[in-house]
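Input: a single structure, listed below in structure tokens.
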Amino acid sequence: MTAYPRLAAALALCAASLGSVNAQASDELHYNQVAVRAEVSQEVAHDLMHVTLYSESQNTDPAKLAEETTRALNAAVEKARQAKGVTVSLGSRSSFPVYDDKGQKITAWRERAELRLESADFAALSQLSADLLGSLKMAGMNFSIAEKTRKQHEDALIKQAVDAFKARAQLATDALGGKGYKLVNLNLNSAGFQPQPIMMRGMAAKAAMYADSGASPEIEAGTSRVVVSADGTIEVQQP
């Protein structure tokens, strides 16, 4: 046998030995292993309020229409910035043609522009929204949880999830008649916040009344459920 075939045979034997060792290691790694999952959750009150208002108008002259929309937005932004603790930003803005009954000739242009408001002070933002309804229309109102609040609750739930995982791991170990278990891996995940339905009582029907009286809309902020799960694998040690 030449040197090259002998070297090839040696390499093949070495590879086969390594494969056998890896296979054995893999078998050992998965010996008496059990997948365990635990999940904890908590209802968290919304502490951020979001309001979207919009201006929508129509004109045969697109330039005058754009000017009219800009003027209405600028006035609303200036007034909104005077409210303490309210974050003001511009949303989407779009214009589109209005056709005649036959759908062939453009008879006018319609433009819509949004103003977005956010605050942790529900009363202040609610009153500001009611004040702005004299010149703008209500597109929507929703609530969320501030990032700082979310992190605080997630941190607390992580510890609870780990404790719940340990309890289930021990339960599985006892059910299999083991004397103990060894943690192989553990993953902690947050499912985020699952918003619950919120109510804005009669907002569309009462918009004109709010604009005339200056009364703020009646709202319910609602809650969201935060879920943290612990997924992992344990290796049950037999007596």
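Every read-out reported here was derived from the displayed coordinates using simple, explicitly stated rules and does not represent laboratory data. Note that the coordinates shown come from a computational prediction; the quantities given were computed from them, not determined experimentally. Quick reminder, even Gly has a Cβ in these numbers, built from the backbone with ideal geometry, and neighbours come from all protein chains shown.
Counting only other residues whose beta carbon sits under 9 Å from that of ALA38, what net charge do I get with K and R as +1, D and E as -1?
Values: positive: ARG37, LYS166, ARG168; negative: GLU39, ASP163, ASP231.
Neighbour charge sum, excluding ALA38 itself: 0.
Sort region 28-122 into rounded, prolate or oblate with this rule: let a ≥ b ≥ c be the square roots of the eigenvalues of the Cα gyration tensor; rounded if a/c is under 1.5, and if a/c is not under 1.5, prolate when a/b is larger than b/c, oblate otherwise.
Values: a/c = 4.77, a/b = 1.94, b/c = 2.46.
Oblate is the answer for region 28-122, as a/c is 1.5 or above yet b/c matches or exceeds a/b.
Starting from the Cα of SER94, move 7 Å in the Cα-to-Cβ direction to define the label point; list residues of region 119-158 whose amide nitrogen is under 12 Å from there.
Flagged as within label range: none.
Calculate the spin-label point distance for LYS79 paired with GLU118, positioning each point 7 Å from the Cα along the beta-carbon direction, and give it in nanometres.
2.3 nm
Ratio of region 136-192's C-alpha Rg to 2.2 N^0.38 Å, to two decimals?
Working: Rg = 19.4 Å, N = 57, 2.2 N^0.38 = 10.2 Å.
Dividing the Cα Rg of region 136-192 by 2.2 N^0.38 Å gives 1.89.
How far apart, in nanometres, would the label points at GLU220 and SER57 be if each is projected 7 angstrom from Cα along the Cα-to-Cβ direction?
So the two model labels end up 3.8 nm from each other.
For the residue pair GLN104 and LEU188, what label-to-label distance in nm results when each label sits 7 Å from Cα along the Cα-to-beta-carbon direction?
6.9 nm
Going by average Cβ neighbours within 10 Å, how do the peptides 105-115, 46-56 rank, with the highest at the top? Before the final figure, lay out each step's value.
Numbers: 105-115: 16.3, 46-56: 19.8.
In descending order of packing, they fall as 46-56, 105-115.
Only Cα pairs under 8 Å and at least 6 apart count here; give the relative contact order of region 46-192 as a rounded whole percent. Don't skip to the answer; put the middle values down first.
Values: 199 pairs, mean separation 47.8, N = 147.
Value for region 46-192: 33 percent.
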